[in-house]
Amino acid sequence: MQNYQAILKKTLITKEQLQVRIQELAEEINHDYAGSEGLLLVCVLRGAIMFLVDLTKHLTIKHMVDFMAVSSYGVGRRSSSGQARISLDLNTDIRGRDVIVVEDIIDSGQTLHSLLQLLGSRGPKSLEVCVLLDKVERREVNIPVKYRGFVIDNEFVFGYGLDLDEYYRNLNFVGVVDLEKYQGNEG
Ligand code: PRP
């Protein structure tokens, strides 16, 4: 497996920029949900784990966390299939709860579109989206995004939860892949 430096075209968002923006988002949520009973953050595995963890560190309001796994890309794929497959569902009954879906990135919007339809059918009190990275120009379906970290161009990004063929999720910054140097999923 190549070292990440060998395939990094450029750093798109630094560790410091991420942390500043995530704290701002958390403060907005603290304000908006100050009176909420039973706020639930739904982390969409696996890409959103880093974002979720750092976001919750700055939340001062009472809240719960649960996880769902939805897959649309798969190893070796470069774009969404447009179909979301739910491979892990919530343990929490969301009826009557304020729910915020926490995602790492929106591309076509198909994954969140499916997810929001499913969660909406379960009768939450409210249902909102908090996304770190938004490739707005790639959108195929409209997604109402209440909390947005960064709008980014249509570049192949990795790090800070986002994988490159399942590797490099641990990086503390968001980078752009140099596709001319990346040799693919050779293990
Ligand atoms: C990514 C991301 C979103 C989805 C966005 O997940 O976390 O769930 O793709 O794409 P869309 O807007 O075009 O639907 P991925 O399938 O790569 O899984 P992962 O989070 O486990 O890496």
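The values are calculated or read from the model by the stated rules, or taken from the named source; none is laboratory data. This structure is a prediction, so every number in the text was calculated from the model and none was measured. Neighbour counts are summed over all protein chains in view; Cβ atoms, including those assigned to glycine, are modelled from backbone coordinates with ideal geometry. When the accessible area is computed, the model is the full protein with side chains, heavy atoms only, and any ligands, DNA or RNA have been set aside. Shrake-Rupley method; radii C 1.70, N 1.55, O 1.52, S 1.80 Å.
Report every pair of residues separated by at least 6 positions or lying on different chains whose Cβ atoms are under 6 Å apart, first residue within segment 63-88 and on the phi > 0 side of the Ramachandran plot, second at pLDDT 65 or above.
Gly82/Gln110
Listed here are the residues, each with its yes/no results for (1) part of a strand (DSSP E or B); (2) within 11 Å of the ligand (Cβ to nearest atom); (3) under 16 Å from the mean Cα position of the chain (by Cα); (4) at pLDDT 95 or above.
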residue: Glu28; (1), (2), (3), (4): no, no, no, yes
residue: Val44; (1), (2), (3), (4): yes, yes, yes, yes
residue: Gly47; (1), (2), (3), (4): no, yes, yes, yes
residue: Thr56; (1), (2), (3), (4): no, no, yes, yes
residue: Leu59; (1), (2), (3), (4): no, no, no, yes
residue: Val65; (1), (2), (3), (4): yes, no, yes, yes
residue: Val70; (1), (2), (3), (4): yes, yes, yes, no
residue: Arg77; (1), (2), (3), (4): no, yes, no, no
residue: Gly82; (1), (2), (3), (4): no, yes, no, no
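Could you grab the pairs with beta carbons closer than 6 Å, sequence gap of 6+ or different chains, first residue in segment 9-22 and closer than 15 Å to Val176 by Cβ and open to solvent by less than 90 Å² (accessible area, probe 1.4 Å), second one outside any strand (DSSP E or B) and aromatic (Phe, Trp, Tyr)?
These pairs meet every condition: Thr11/Phe173; Thr14/Phe173.
Given the residues Ile100, Ile105, which is the only one that is open to solvent by 30 Å² or more (accessible area, probe 1.4 Å) and either under 26 Å from Val157 (Cβ atoms) or away from the ligand (no atom under 11 Å from the Cβ) (or both)? First the steps, then the outcome.
Values: Ile100 fails: open to solvent by 30 Å² or more (accessible area, probe 1.4 Å).
Of Ile100, Ile105, the one residue that is open to solvent by 30 Å² or more (accessible area, probe 1.4 Å) and either under 26 Å from Val157 (Cβ atoms) or away from the ligand (no atom under 11 Å from the Cβ) (or both) is Ile105.
Output the residues belonging to segment 115-129 that are in contact (Cβ under 8 Å) with a residue 12 or more places away in the chain and more than 12 Å from Ile143 (Cβ to Cβ).
Pass one, segment 115-129, residues in contact (Cβ under 8 Å) with a residue 12 or more places away in the chain: 115-116, 118-119, 122-129.
Leu118, Leu119, Arg122, Gly123, Pro124, Lys125, Ser126 - these are the residues of segment 115-129 that are in contact (Cβ under 8 Å) with a residue 12 or more places away in the chain and more than 12 Å from Ile143 (Cβ to Cβ).
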